[in-house]
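One structure below.
The values are calculated or read from the model by the stated rules, or taken from the named source; none is laboratory data. Model, not experiment: these values are computed from the prediction. Here the Cβ is made from the backbone with ideal geometry for all residues, glycine too, and neighbour counts use every protein chain on show.
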Amino acid sequence: MEKTLEHLVFNDKGQCLLEIFVPAEAFLALLDEAFEAEKPSLEGKYDTRAQAEAALGSDAFYPAAAQLACIRAADEVIAEEKLDVVGYPEITKCGTEPHGLRFTAVCDPRPRVTLGEYRGIDPRLPRPQVTEEEVDEMLKSFALRAAEDVDLPRPAQAGDLVYVDFTGTVGGRPFDGGSAEDYALRLGGRTFLPELEAGMTGMSAGEEKDIPLVFPDNYAAGLAGKAAVFHVKMKRVCRRDVPAVDERFARTYFETDLASLRTSVKESMLADKREQHRVTREEAALAMAAQRMQVELPESMIRREMDLLTGDLARRLEQNGGSLEEYYRGAGMEEGDFWETARRTAESRLREELLLRAVQEKEGLILDDAFRARAAADLARRFEVEEKDIYQMMTDQRMERELLRMRVLEVVLAPEAE
């Protein structure tokens with residue numbers, strides 16, 4: 001966007017002060033964008049900015065446009081001047097003039113890092129192993145996946161697996177989440193309300209009935225304490241036959257003998273555990289090195305990292321029809337606990353990022369062709385892809401960060417003893 005950097009100075013705290021002027025044309029061009037950003041809070045009352053301004057005032061979206069102009073202009077100046085600053089610029093002394101908008105942005109410098117001992121760290125984690133009991137459990141899970149449902153020619157009873165269609169209504173009207181088709185349910189498993197499962201008990205395949213009930217007072221908002229009726233169609237009454245893990249099972253489903261199957265499963269589980277061990281050991285070594293260094297993280301830097309983390313999560317949840325509130329409530333967290341966890345995660349990520357850069361600078365580490373060849377071979381083996389596919393990804397910014405992490409780990413992580 002059009003703007004002018006009028007002054008650039010550093011204060012005694014090392015902060016960078018930018019005085020920036022944005023012409024009126026550039027500022028006014030952001031009014032439509034400001035309207036679109038605030039549109040959700042207007043609850044669909046206005047389709048256009050003109051309609052909203054007619055009702056709310058001609059300058060209703062000036063503050064939002066000014067905020068957009070300040071943030072965008074400051075970010076562009078920081079990039080153009082190649083300033084080594086972090087976090088959100090603090091916008092101060094923002095005001096409009098006849099010909100535009102003038103403001104001051106205060107930017108925190110990248111924090112100074114004093115490294116502690118970081119070379120050859122050994123987290124001393126237990127070596128991965130797989131027990132015979134773990135192999136047994138894995139084979140049991142295979143058998144469960146191979147289980148078959150066998151229809152029972154009798155009414156349903158506790159412990160049976162049933163398949164039902166159902167529709168719940170309150171006051172004669174369906175409600176969200178109150179209906180399903182071909183729903184598999186183990187009677188007596190307390191998946192549904194006890195009254196609903198009790199009403200299904202005794203039904204035979206093909207039978208339909210209405211089951212009345214009253215939702216508990218502590219049920220979901222909007223349904224708590226209300227009377228409902230569920231129309232249920234019993235489609236199948238079954239028992240689930242799980243095959244025994246024996247020679248016949250191994251031959252039928254894996255075309256091998258049981259001893260060979262156990263060996264293969266054990267090797268696969270051990271490979272997974274070794275990979276997780278590698279990841280955990282690397283994370284532990286970097287965390288230990290980060291704990292040993294001294295650095296003070298600016299609050300603006302933490303806030304920005306928190307916004308990046310939670311913003312990415314919110315967008316993924318929104319794509320699936322969810323929200324941050326539903327996410328942390330589902331995890332059994334209060335809002336304050338969620339944001340405290342987000343803050344700790346942000347601080348941990350920032351400390352690791354600063355550690356990587358500090359070690360790279362102190363050691364003079366270069367991501368040269370020899371290292372990239374080692375990294376490509378390692379990543380191709382790890383993810384079972386072609387090395388050429390890894391090379392094609394190496395220009396991606398996230399891959400560059402991963403390559404730096406791998407290079408620093410060659411210095412930080414001690415070789416694991418055999």
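Considering segment 260-276, and only residues there that are in contact (Cβ under 8 Å) with a residue 12 or more places away in the chain and closer than 20 Å to residue 247 by Cβ, the residue that is surrounded by the most Cβ atoms within 10 Å (Cβ to Cβ) turns out to be 261.
Among the residues that make up segment 324-346, is at least one of them surrounded by fewer than 16 Cβ atoms within 10 Å (Cβ to Cβ), under 30 Å from residue 389 (Cα atoms) and of a type in the set (S, T, N, Q)? Within segment 324-346, not a single residue is surrounded by fewer than 16 Cβ atoms within 10 Å (Cβ to Cβ), under 30 Å from residue 389 (Cα atoms) and of a type in the set (S, T, N, Q).
Yes/no matrix, rows are residues, columns are (1) modelled with pLDDT under 90; (2) of a type in the set (Ser, Thr, Tyr); (3) closer than 12 Å to residue 101 by Cα; (4) in the same structural domain as residue 91 (by TED's automatic domain parsing):
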{"site": "30", "(1), (2), (3), (4)": "no, no, no, yes"}
{"site": "45", "(1), (2), (3), (4)": "yes, no, no, yes"}
{"site": "65", "(1), (2), (3), (4)": "no, no, yes, yes"}
{"site": "68", "(1), (2), (3), (4)": "no, no, yes, yes"}
{"site": "72", "(1), (2), (3), (4)": "no, no, no, yes"}
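Among the conditions (1) in contact with a strand residue (DSSP E or B) (Cβ under 8 Å, 6 or more places away or on another chain); (2) part of a loop (DSSP other than H, G, I, E, B); (3) at pLDDT below 95; (4) not β-branched (Val, Ile, Thr), the only one that residue 206 does not satisfy is (3). Answer yes or no: is there a residue in segment 241-258 that is polar (S, T, N, Q) and in a helix (DSSP H, G or I). Yes, segment 241-258 has at least one match.
Does residue 174 fit the bill of being modelled with pLDDT under 95 and over 30 Å from residue 259 (Cβ atoms)?
Yes, satisfied.
Is it the case that residue 78 is within 36 Å of the chain's Cα centre (by Cα), within 26 Å of residue 112 (Cβ to Cβ) and part of a helix (DSSP H, G or I)? When the stated conditions are applied, residue 78 passes them.
Among all positions in segment 90-104, there is at least one residue which is charged (D, E, K, R), under 30 Å from residue 353 (Cβ atoms) and touching a strand residue (DSSP E or B) at 6+ places or on another chain (Cβ under 7 Å).
The set of residues in segment 75-105 that are in contact with a helix residue (DSSP H, G or I) (Cβ under 9 Å, 6 or more places away or on another chain), closer than 21 Å to residue 308 by Cβ and not aromatic (Phe, Trp, Tyr) comprises 83, 85, 86, 87, 89, 90, 91, 105.
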